[in-house]
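S.K.: Below: one structure in structure tokens.
The values are calculated or read from the model by the stated rules, or taken from the named source; none is laboratory data. Everything numeric in this text was worked out from a predicted model, so none of it was measured. Note that each Cβ is placed from the backbone with ideal geometry, even for glycine, and that neighbours are counted across all protein chains shown.
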Amino acid sequence: MQLDSFDIKILKELEKDGRKPYSEIAKKLEISNTMVHQRVNRMREGGLIKKMAIELDERKMGFEWSAFTGLVLKEDSNSESIIEELKKIPEVVECYYITGQYTLYIRIVARNNEHMRKVLYEKVDHIPGVLKTESLIDFGTAFKRNVPIEE
């Protein structure tokens, strides 16, 4: 998808605040409200904007613990069925295909140490095809951002 300077300016405004009314963006950029709507719709339909959603603060929601966990599978060809089982565990909030000693890398959130232990040992480790897991405790996000929006 080819972006022009207006698309980029609209994206930068939405990145700052995804709930900002299109009318405010239009006013700031000195373009019509209709133009903002059309551009955002085109970027959504084209797949550039995946979704516009709220981001919850996990800690304020009571999930004090987070871990990154690598999964070693008995057979890599089982990954799709294992992913389907991981989707059934609400505490597994991210899942990635990776290279190296693990086939999958997941992020787990938990309310406390005991909750984390139960998720790992009673849920993840019991998925057929998971041979072993290795976890790293996450002490907090230093930063997280989108790719640069460049003109």
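S.K.: Might you let me know whether region 26-35 holds any residue that is closer than 26 Å to Lys144 by Cβ, under 27 Å from the mean Cα position of the chain (by Cα), at pLDDT 95 or above and not in a loop (DSSP other than H, G, I, E, B)? Working first, answer last.
M.R.: Initial filter on region 26-35 (closer than 26 Å to Lys144 by Cβ): 28.
This time we only want the ones that are under 27 Å from the mean Cα position of the chain (by Cα), so: none.
Within region 26-35 (the criterion being closer than 26 Å to Lys144 by Cβ, under 27 Å from the mean Cα position of the chain (by Cα), at pLDDT 95 or above and not in a loop (DSSP other than H, G, I, E, B)), the answer is no, since none of the residues qualifies.
Quick grid of which residues meet (1) of a type in the set (A, V, I, L, M, F, W, C); (2) under 28 Å from Thr141 (Cα atoms):
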| residue | (1), (2) |
| --- | --- |
| Leu14 | yes, yes |
| Ile25 | yes, no |
| Val36 | yes, no |
| Glu45 | no, no |
| Lys60 | no, yes |
| Phe63 | yes, yes |
| Val93 | yes, yes |
| Tyr97 | no, yes |
| Val109 | yes, yes |
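S.K.: Sticking with this one: For a quick check of your reading of the model, give me the residue pairs whose first member lies in region 72-91 and is in the same structural domain as Val119 (by TED's automatic domain parsing), whose second is among the polar types (S, T, N, Q) and not in a loop (DSSP other than H, G, I, E, B), with beta-carbon atoms closer than 8 Å and at least 6 apart or on different chains.
M.R.: Here the result reads Val72/Thr133; Leu73/Ser79, each pair linking region 72-91 to a residue that is among the polar types (S, T, N, Q) and not in a loop (DSSP other than H, G, I, E, B).
S.K.: Let me ask something else. I'd like the full set of residues that are in contact with a Leu (Cβ under 6 Å, 6 or more places away or on another chain) and either free of Cβ contacts under 8 Å to residues at least 40 places away in the same chain or basic (Lys, Arg) (or both), limited to region 103-132.
M.R.: Hits for region 103-132 are Thr103, Leu104.
S.K.: Here's a follow-up. If I ask for residues that are in contact with a Ser or Thr (Cβ under 8 Å, 6 or more places away or on another chain) and among the aliphatic types (A, V, I, L, M), which ones from region 71-102 would you list? Step through it out loud before you land on a result.
M.R.: Of the residues in region 71-102, the ones in contact with a Ser or Thr (Cβ under 8 Å, 6 or more places away or on another chain) are 71-73, 76, 79, 97.
Of everything in region 71-102, those that are in contact with a Ser or Thr (Cβ under 8 Å, 6 or more places away or on another chain) and among the aliphatic types (A, V, I, L, M) turn out to be Leu71, Val72, Leu73.
S.K.: Are there any strands (runs of 3 or more DSSP E) wholly within region 43-139 with 2 or more residues that are polar (S, T, N, Q) and at pLDDT 95 or above, and if so which? So that I can check it myself, show each step before the final result.
M.R.: On the way: elements: 65-73, 92-97, 104-110, 130-138.
Qualifying strands (runs of 3 or more DSSP E): 65-73, 130-138.
S.K.: Please determine, by comparing only the residues of region 15-24 that are modelled with pLDDT of 95 or more and not in a loop (DSSP other than H, G, I, E, B), which one is farthest from Met35 (Cα to Cα).
M.R.: Once the filter is applied, the top-ranked residue is Glu24.
S.K.: Could you check, for region 53-74, whether at least one of its residues is surrounded by fewer than 12 Cβ atoms within 10 Å (Cβ to Cβ) and within 30 Å of Gln101 (Cβ to Cβ)?
M.R.: no
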